[in-house]
Amino acid sequence: MTASASASGQAAATTPPTATVPATTTTPPTATTAPSGDTASAGTTRWAGTKQFMQIREGWISGGRTYLSVRTARKVAVTDPHEAWRIVPGEGPYTTVLMATDARVLLSVPLGDSSHPYPYSQTEFVNRLMAEPSSSRSGLGYDLSFDGKGRVTRLQSLYTS
């Protein structure tokens with residue numbers, strides 16, 4: 001159930017047949033200030049070196065780097081009628097985190113084109129995420145892996161029916 005992206009994390013060797021997302025890199029007007037440089041802000045170091053299940057409210061690219069507005073959430077397995085996940089939204093404020101430049105992005109339905117995780121670029125992920133209405137984004141969940149500096153090194157969306 002895993003797939004791999006290229007070493008840069010920016011493009012897969014092949015793309016799914018229906019993945020035709022234009023590359024836009026705009027900063028949303030409601031985005032919080034992004035951390036400077038390659039280090040994470042003090043608020044994100046609590047996740048350094050961990051894997052967390054999270055919601056993502058917004059994603060944007062600024063200065064060639066990808067930023068996400070995240071907060072923790074819970075996932076509950078659903079097996080009727082299909083095997084999928086139900087997302088239990090978290091509470092509290094969102095925190096801005098930086099994605100590592102070589103971070104892997106694996107997407108499945110509804111952001112991806114398949115029920116199995118498939119590699120996408122960070123730009124494709126941001127475009128697909130921000131194309132979803134904000135009300136739909138609260139029902140999406142992601143497994144995020146963080147490096148020792150609190151940067152996201154791997155993002156995998158959960159299949160939700």
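The values are calculated or read from the model by the stated rules, or taken from the named source; none is laboratory data. Because the structure is a prediction, the values reported are computed rather than measured. Because the Cβ atoms are built from the backbone with ideal geometry, glycine has one as well, and the counts that use them run over all protein chains shown. Quick note on the areas: whole protein, heavy atoms, side chains included, nothing else; ligands and nucleic acids left out. Shrake-Rupley method; radii C 1.70, N 1.55, O 1.52, S 1.80 Å.
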Original post:
Looking at (1) at pLDDT 95 or above; (2) over 14 Å from Arg151 (Cα atoms); (3) open to solvent by 70 Å² or more (accessible area, probe 1.4 Å), can you tell me which one Tyr120 breaks?
Top reply: (3)
Subject >> Members of the stretch 64-75 that are within 21 Å of Ser134 (Cα to Cα) and either open to solvent by less than 10 Å² (accessible area, probe 1.4 Å) or more than 12 Å from the chain's Cα centre (by Cα) (or both) >> reply: Thr66, Leu68, Ser69, Val70, Thr72, Ala73, Arg74, Lys75
Subject >> Flag if Gly37 is at pLDDT below 60, open to solvent by less than 50 Å² (accessible area, probe 1.4 Å) and farther than 18 Å from Val109 by Cα >> reply: no
Original post:
What do you reckon, is Gly150 open to solvent by less than 50 Å² (accessible area, probe 1.4 Å), over 13 Å from the mean Cα position of the chain (by Cα) and not polar (S, T, N, Q)?
Top reply: yes
Subject >> Some residue of the stretch 96-106 being open to solvent by less than 60 Å² (accessible area, probe 1.4 Å) and at pLDDT below 95 >> reply: no
Subject >> Residue, modelled with the lowest pLDDT, within the stretch 41-60, restricted to residues that are open to solvent by less than 20 Å² (accessible area, probe 1.4 Å) and out of contact with any Pro (no Cβ under 7 Å at 6 or more places or on another chain) >> reply: Thr44
